[in-house]
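The values are calculated or read from the model by the stated rules, or taken from the named source; none is laboratory data. Only a predicted model underlies this, so the values are computations on that prediction, with no experimental measurement involved. We place every Cβ from the backbone using ideal geometry, glycine too, and count neighbours over all the protein chains shown.
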Amino acid sequence: MADIYRQENDLIPWYLNGAAAMVCALALIIMAALGPLGTGDILYRTSQSGIWQIMGQDLTDLFLIIPLLLVGGVLQLMRRDSAKYFLILTPITLMYTGLSVGAGQEWTAYPGNVENYFWIFLTLIVGGLLILIGTLPRFADHDTPAFSKQGLRLFVLLTTIALLFFAKMWLGQIAEVAASGDLVDGSYSDASNAFWVVRYLDLGVCVPLGFMALFLLASHPSIAYKLVLLLFGFLITMAVTVNTMALVQVLNDDPAIASTGAGLAIFPVLLVLMLVGLFYLVKPKMGRASRGSL
């Protein structure tokens, strides 16, 4: 069958990549089941507002990340080449979640028992790394669609603006903390370690990766295509998570939501832009797949 891929370029066995996706999906299910959405056995070291935000993250995991992992994992175990388009969207988010929750929950003003569930977060970090190493080499030069120069330049420009805005937002919060010692809603003093873990991951890894991928996409599309898919997987899941967090906060009349200000309107717009960007990236592949099935 044409969709069964050849494995000469695989860095790890195909079955290990598929198994990692399934195990990560199971870890996220357990995390949601034991968290505030489920039994409440995991006691996060954060405020009530933070608990509601974690509920939003768990909802995103259940309805977005886990389905991507299950579909991609099953396709991978069936040795379908299409598995890579699902799996490439997940590894940064998995490692990000494991680090931000596992390490970011320490040294806060609240009691909890997150350390008892370190194995969940460690599973996400290791599993995300395996998926990353196992999926990136599966993208060959011929997988890159033929983009028009004008459309590609517009895409790179809009995505660059979105990344700059994202970086500016976090840098603004860092400047606020440096100037006043806290954020307006008091969230920095509640969980300063989580604040810095997230900002270092975003500004030190995700944003530089994004700019590098966009530069390469403009100059060497065949090299950068997989990196841009990797980036958009994270940006979309991040935007969905933030919007879901805000929705849960609004439904629970969280007073901290008032300090979000323009973010309530900005992140839905950012999500739409990211979805349009992802559609632009994969639309040629979708058209090719539909023609191939005729």
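Here are the criteria: (1) farther than 23 Å from Leu247 by Cβ; (2) modelled with pLDDT of 95 or more. Tell me which single one Ala109 does not satisfy.
Checking Ala109 against (1) farther than 23 Å from Leu247 by Cβ; (2) modelled with pLDDT of 95 or more, the one that fails is (2).
Just give me the residues in segment 101-119 being touching a Phe, Trp or Tyr at 6+ places or on another chain (Cβ under 9 Å) and part of a helix (DSSP H, G or I), in sequence order.
Residues satisfying the conditions are Val101, Gly102, Val114.
Can you find even one residue in segment 120-130 that is in contact with a Ser or Thr (Cβ under 6 Å, 6 or more places away or on another chain), in a helix (DSSP H, G or I), over 17 Å from Trp14 (Cβ atoms) and in contact (Cβ under 8 Å) with a residue 12 or more places away in the chain?
Within segment 120-130 (the criterion being in contact with a Ser or Thr (Cβ under 6 Å, 6 or more places away or on another chain), in a helix (DSSP H, G or I), over 17 Å from Trp14 (Cβ atoms) and in contact (Cβ under 8 Å) with a residue 12 or more places away in the chain), the answer is yes, since at least one residue qualifies.
For the list (1) surrounded by fewer than 19 Cβ atoms within 10 Å (Cβ to Cβ); (2) over 30 Å from Asp10 (Cα atoms), I need the number of the one condition that Gln105 fails.
Of everything listed in (1) surrounded by fewer than 19 Cβ atoms within 10 Å (Cβ to Cβ); (2) over 30 Å from Asp10 (Cα atoms), Gln105 misses just condition (1).
Determine, yes or no, whether Arg138 is among the charged types (D, E, K, R), within 24 Å of the chain's Cα centre (by Cα) and under 29 Å from Arg79 (Cα atoms).
Considered against the rule, which asks whether it is among the charged types (D, E, K, R), within 24 Å of the chain's Cα centre (by Cα) and under 29 Å from Arg79 (Cα atoms), Arg138 comes out as yes.
For every residue, the table says whether it meets (1) over 14 Å from the mean Cα position of the chain (by Cα); (2) free of Cβ contacts under 8 Å to residues at least 12 places away in the same chain.
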position: Ser192; (1), (2): yes, no
position: Leu217; (1), (2): yes, no
position: Ser222; (1), (2): yes, no
position: Leu235; (1), (2): no, no
position: Thr241; (1), (2): no, no
position: Val250; (1), (2): yes, yes
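Just need a number here: residues in segment 20-35 that are touching a residue at least 12 places away in the same chain (Cβ under 8 Å), small (Gly, Ala, Ser), assigned to a helix (DSSP H, G or I) and more than 8 Å from Ile66 (Cα to Cα).
So the answer is 4.
Can we say Ile161 is more than 18 Å from Ser47 (Cβ to Cβ), modelled with pLDDT of 90 or more and of a type in the set (Val, Ile, Thr)?
Considered against the rule, which asks whether it is more than 18 Å from Ser47 (Cβ to Cβ), modelled with pLDDT of 90 or more and of a type in the set (Val, Ile, Thr), Ile161 comes out as no.
For segment 126-140: of the residues being within 30 Å of Asn193 (Cα to Cα) and out of contact with any Phe, Trp or Tyr (no Cβ under 9 Å at 6 or more places or on another chain), which is surrounded by the most Cβ atoms within 10 Å (Cβ to Cβ)?
Per the stated criteria, the residue is Ile131.
Of the numbered conditions (1) under 28 Å from Leu87 (Cβ atoms); (2) in contact with a Phe, Trp or Tyr (Cβ under 7 Å, 6 or more places away or on another chain), Trp170 fails exactly one; give the number of that condition.
Status for Trp170: all satisfied but (2).
Restricting to segment 39-69, name every residue that is within 26 Å of Leu11 (Cβ to Cβ) and buried (at least 18 other Cβ atoms within 10 Å of the Cβ).
Answer for segment 39-69, where residues must be within 26 Å of Leu11 (Cβ to Cβ) and buried (at least 18 other Cβ atoms within 10 Å of the Cβ): Ile65, Ile66, Leu68, Leu69.
For the subset of segment 239-294 comprising residues that are among the hydroxyl-bearing types (Ser, Thr, Tyr) and modelled with pLDDT under 85, which member is farthest from Ser187 (Cα to Cα)?
Only one residue fits best here, namely Ser293.
Got a number for residues in segment 70-102 being over 17 Å from the mean Cα position of the chain (by Cα), among the hydrophobic types (A, V, I, L, M, F, W, C) and surrounded by fewer than 24 Cβ atoms within 10 Å (Cβ to Cβ)?
Residues meeting the conditions: 4.
Within segment 111-134, which residues are of a type in the set (Phe, Trp, Tyr) and in contact with a Leu (Cβ under 9 Å, 6 or more places away or on another chain)?
If the condition is that a residue be of a type in the set (Phe, Trp, Tyr) and in contact with a Leu (Cβ under 9 Å, 6 or more places away or on another chain), then Tyr117, Phe121 are the ones that fit.
Scan segment 99-114 and give yes if some residue there is closer than 13 Å to Leu28 by Cα and hydrophobic (A, V, I, L, M, F, W, C), otherwise no.
Taking every residue of segment 99-114 in turn, at least one turns out to be closer than 13 Å to Leu28 by Cα and hydrophobic (A, V, I, L, M, F, W, C).
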